[in-house]
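Heads up: the structure comes next, in structure tokens.
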Amino acid sequence: MYVKGFDKIRQSEELSAAAVFVLWLIFGIGLILLTDKVIPSILTLMLSFGFIYPAGCLVMFFRLCKRHGVMWYFPTAVIIATVLLYTLWGTYRAIIPNLIVMTVLCLLFGCGIGSCFADKEAVRAYREQRRQKKLGEDKPYSSIIDDK
């Protein structure tokens, strides 16, 4: 089944970054609630934030940066959201003290490795096409006067 909206999200840099950001936020909050409220045990905590959270973050950030290259606003938004969640939400702070460090390391490694494997020409062509579209230069020249 082909869905046009998902293809639009996949091809747009900003929409992909927003989708991955929301997915990361839901993933992290879901793990926190699972560890804190549903199955509160030390084994769940170690498994969730020792293996599942870093692996999931690395995969999400790697795939985004492999497809679109490194975007300055995405790591900034993730770091700001992590710090805000840590300072404003007591459950986030109580789960694991070094969650900020783990998120930043996963973000940097995932984005760095993803940008190493990125198709530089495709990323450059996409950004040039977006710049051309913004300037209005992507439309071919057509004469106002008909030659016929």
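Condition check ((1) modelled with pLDDT under 80; (2) aliphatic (A, V, I, L, M); (3) out of contact with any Cys (no Cβ under 7 Å at 6 or more places or on another chain)) across all residues:
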position	(1), (2), (3)
3	yes, yes, yes
8	yes, no, yes
15	no, yes, yes
28	no, no, yes
33	no, yes, yes
42	no, yes, yes
46	no, yes, yes
49	no, no, yes
53	no, no, yes
*Pick out, from the stretch 81-148, the helices (runs of 4 or more DSSP H) lying fully within it that include 2 or more residues that are out of contact with any Asp or Glu (no Cβ under 9 Å at 6 or more places or on another chain), modelled with pLDDT of 70 or more and under 21 Å from residue 51 (Cβ atoms).*
99-116
*When you look at residue 35, is it more than 9 Å from the chain's Cα centre (by Cα), surrounded by 16 or more Cβ atoms within 10 Å (Cβ to Cβ), polar (S, T, N, Q) and outside any loop (DSSP other than H, G, I, E, B), yes or no?*
yes
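The values are calculated or read from the model by the stated rules, or taken from the named source; none is laboratory data. Just so it is clear, the model here is predicted, and its values are computed rather than measured. Cβ atoms come from the backbone with ideal geometry, glycine included; neighbour counts cover every protein chain shown.
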